Amino acid sequence: MLTVEAALEHVAREIQPLAVEVVTIADALGRVLAEDIASDIDSPPHDKSVVDGYAVRAADLVSRPITLTVLEEVVAGAAPTQPVTPGTATRIMTGAPVPDGADAIAMVEQTQTLAGEPQRVVIDSPPLAAGRNILRRGVSMRQGDIALRAGRTVRHVEIGLLAEVGRTSVRVARQPRVAVFSTGNELVPPDNLPAIGQIRNSNGPMLLAAVRRAGGLPIDLGIGLDDRDELRRLMAEGLSSDVLLMSGGVSAGVLDLVPDLLRELGVREVFHKVRIKPGKPVWFGVREVSGHRTLVFGLPGNPASSLVGFELFVGPAIRAFSGAPFSPPSTETARLTAAFEHRGERATYYPARLTRSPDGQLAEPLAWQGSADLRTLSLADGLIHFPAGERLYAAGDVVAVSRFAQ
Ligand code: AMP
Ligand code: MG
């Protein structure tokens, strides 16, 4: 059986970047740039004042206080009309262009105007070094500089930067379409009250949301009964997407039909079963028909198994499809708040509450009732990763943890 690392390598190998599309910056949040973005301007575009005050010649301020003649007032958006010469100053507001001749800005708090004498200002500032309170043209970037590289995920900050450099639309990787359905004769939609033997389909809505969170376009194909014809029909429909994601039906029960049917439909099996707990029976394959490629994931039906399979394999695949580099869930370290006994040859992913403390991050293993216990999972901030093997962990031991996306 594959280790999680080996299984991740298999998934990474099957990712092929999707085509590129153009979106407006209003729609670019969370998308991955497919082009380098060059600035069309110097930023800032002029030497600008970073305070409200007076533009002066630093050489005039060697003795203090000093009285200077005020030439004019320049607000942000206006342009100075006169150079500052010895013995003069220009009143200037934050963001306004610095007049020629001035090489420092005295803060308004260190100046006084005399009643009835708006043309004069008394400056009582310690000596100012040349350049003080001035942001020089082009210090942030020069025209032609690359402001953002391809592969960067666009956050709110990058949208601001794109606007600054004059970009209202950008090339981004297309979002993968991810078809999702849940298999199981026992499943009813969440608006039904389950009869005896039935349970509500919690995986479907959970996985659809996880797909969206990871940057995919979810397509809801609902519930499939454990019936060959029905599952074949849903699979065929889902295979027209970039990713087909199913839950249930991949274990060893008599009605676990998914792997057989996928093979019948021409999906090449890459792996079935990974040394993880929960989620061992996870199935992964690829279908390629006349140039269209579909990654297929069959996650075991227990909600925690589905969640772990998604976090480990599906989420990274969707993010990589969306143009970002392939990366397994990132881990941090934390100290256990309680002892934990790990057994067995499978790596365990265990729900935990993660908190900060003065000594670093703490991980509290939750009192979890196993793979079907979504309620306790909802108290978790993420998963502790226990490597395979027998080990008795003590409170205070350092472990690796990954956080759920918010
Ligand atoms: P399976 O992987 O199909 O053998 O299902 C394993 C367990 O997960 C069974 O107890 C199922 O009832 C449960 N299960 C399967 N699918 C879902 C689902 N969509 N939502 C919640 N529980 C499920
Ligand atoms: Mg089932």
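The values are calculated or read from the model by the stated rules, or taken from the named source; none is laboratory data. In this text the structure is predicted, and so the values were computed from the model without any measurement. Cβ coordinates were reconstructed from backbone atoms using ideal geometry, including for glycine residues, and neighbour counts include every protein chain displayed.
Can you tell me how many residues in the range 291-326 are among the hydroxyl-bearing types (Ser, Thr, Tyr) and within 16 Å of ligand 1 (Cβ to nearest atom)? The qualifying residues number 2. Checking the conditions here, which among Val23, Val11 is assigned to a helix (DSSP H, G or I) and either in contact with a Lys or Arg (Cβ under 8 Å, 6 or more places away or on another chain) or buried (at least 18 other Cβ atoms within 10 Å of the Cβ) (or both)? Only one candidate passes the filter, namely Val11. In the range 181-193, the residues that are under 17 Å from Leu234 (Cβ atoms) and away from ligand 2 (no atom under 14 Å from the Cβ) reach residues that are in a loop (DSSP other than H, G, I, E, B) and of a type outside the set (Phe, Trp, Tyr) with C-beta atoms within less than 9 angstrom, at least six apart or across chains, in these pairs: Pro189/Asn201. If the condition is being of a type outside the set (Ser, Thr, Tyr), surrounded by fewer than 24 Cβ atoms within 10 Å (Cβ to Cβ) and more than 14 Å from Val32 (Cβ to Cβ), then the range 307-332 contributes Glu311, Gly315, Pro328, Pro329, Glu332.
Restricting to the range 212-227, give me the number of residues that are buried (at least 16 other Cβ atoms within 10 Å of the Cβ) and either within 15 Å of ligand 2 (Cβ to nearest atom) or free of Cβ contacts under 8 Å to residues at least 40 places away in the same chain (or both). Full working, then the answer.
First, the residues of the range 212-227 that are buried (at least 16 other Cβ atoms within 10 Å of the Cβ): 213-219, 221, 223-224, 226.
After this cut, where a residue has to be either within 15 Å of ligand 2 (Cβ to nearest atom) or free of Cβ contacts under 8 Å to residues at least 40 places away in the same chain (or both) as well, the list is 223-224, 226.
Of the residues in the range 212-227, 3 are buried (at least 16 other Cβ atoms within 10 Å of the Cβ) and either within 15 Å of ligand 2 (Cβ to nearest atom) or free of Cβ contacts under 8 Å to residues at least 40 places away in the same chain (or both).
For the range 97-127, a residue qualifies if it is over 19 Å from Ser63 (Cβ atoms) and either in contact with a Pro (Cβ under 8 Å, 6 or more places away or on another chain) or among the acidic types (Asp, Glu) (or both), and the qualifying residues are Pro97, Val98, Pro99, Asp100, Gly101, Glu109, Glu117. With the requirement that a residue be surrounded by 19 or more Cβ atoms within 10 Å (Cβ to Cβ) and assigned to a loop (DSSP other than H, G, I, E, B), what does the range 26-43 give you? Correct list: Ala28, Arg31, Ala34, Ser39. Residues of the range 287-306 that are under 21 Å from Arg13 (Cβ atoms) and either within 14 Å of ligand 2 (Cβ to nearest atom) or surrounded by fewer than 17 Cβ atoms within 10 Å (Cβ to Cβ) (or both): Glu288, Val289, Gly291, His292, Arg293, Gly298, Leu299. Looking only at the range 332-387, count every residue that is in a helix (DSSP H, G or I) and either free of Cβ contacts under 8 Å to residues at least 40 places away in the same chain or assigned by TED's automatic domain parsing to the domain that holds Val274 (or both) and tell me the total. Number satisfying all stated conditions: 2.
The residues on offer are Arg287, Arg293, and the sole one that is in a strand (DSSP E or B), more than 27 Å from the chain's Cα centre (by Cα) and not assigned by TED's automatic domain parsing to the domain that holds Ala363 is Arg287. Restricting attention to the range 59-88 and to residues that are over 48 Å from the mean Cα position of the chain (by Cα) and surrounded by 20 or more Cβ atoms within 10 Å (Cβ to Cβ), the residue that is nearest to Leu135 (Cα to Cα) turns out to be Val84.
Contact map, the range 131-148: first residue on the phi < 0 side of the Ramachandran plot, second residue surrounded by fewer than 14 Cβ atoms within 10 Å (Cβ to Cβ) and in a loop (DSSP other than H, G, I, E, B), Cβ cut-off under 7 Å, separation 6 or more or different chains; pairs are Arg137/Pro45; Gln143/Asp40; Ile146/Asp36. The residues of the range 344-372 that are over 19 Å from Val282 (Cβ atoms) and touching a helix residue (DSSP H, G or I) at 6+ places or on another chain (Cβ under 8 Å), listed by number, are Leu366, Ala367, Trp368, Gln369.
For Thr94, the conditions (1) in contact with a strand residue (DSSP E or B) (Cβ under 8 Å, 6 or more places away or on another chain); (2) assigned to a loop (DSSP other than H, G, I, E, B); (3) under 15 Å from Leu61 (Cβ atoms); (4) among the hydroxyl-bearing types (Ser, Thr, Tyr) are fulfilled apart from (3). Entry remark, the range 228-249: residues being within 16 Å of ligand 2 (Cβ to nearest atom) and either buried (at least 22 other Cβ atoms within 10 Å of the Cβ) or touching a residue at least 40 places away in the same chain (Cβ under 8 Å) (or both) number 8 in total.
Restricted to the range 355-393, and to residues there that are more than 20 Å from Glu332 (Cβ to Cβ) and small (Gly, Ala, Ser), the residue that is farthest from the chain's Cα centre (by Cα) is Gly389. Taking the conditions (1) away from ligand 2 (no atom under 16 Å from the Cβ); (2) in the same structural domain as Ser247 (by TED's automatic domain parsing) in turn, Phe326 satisfies each one other than (2).
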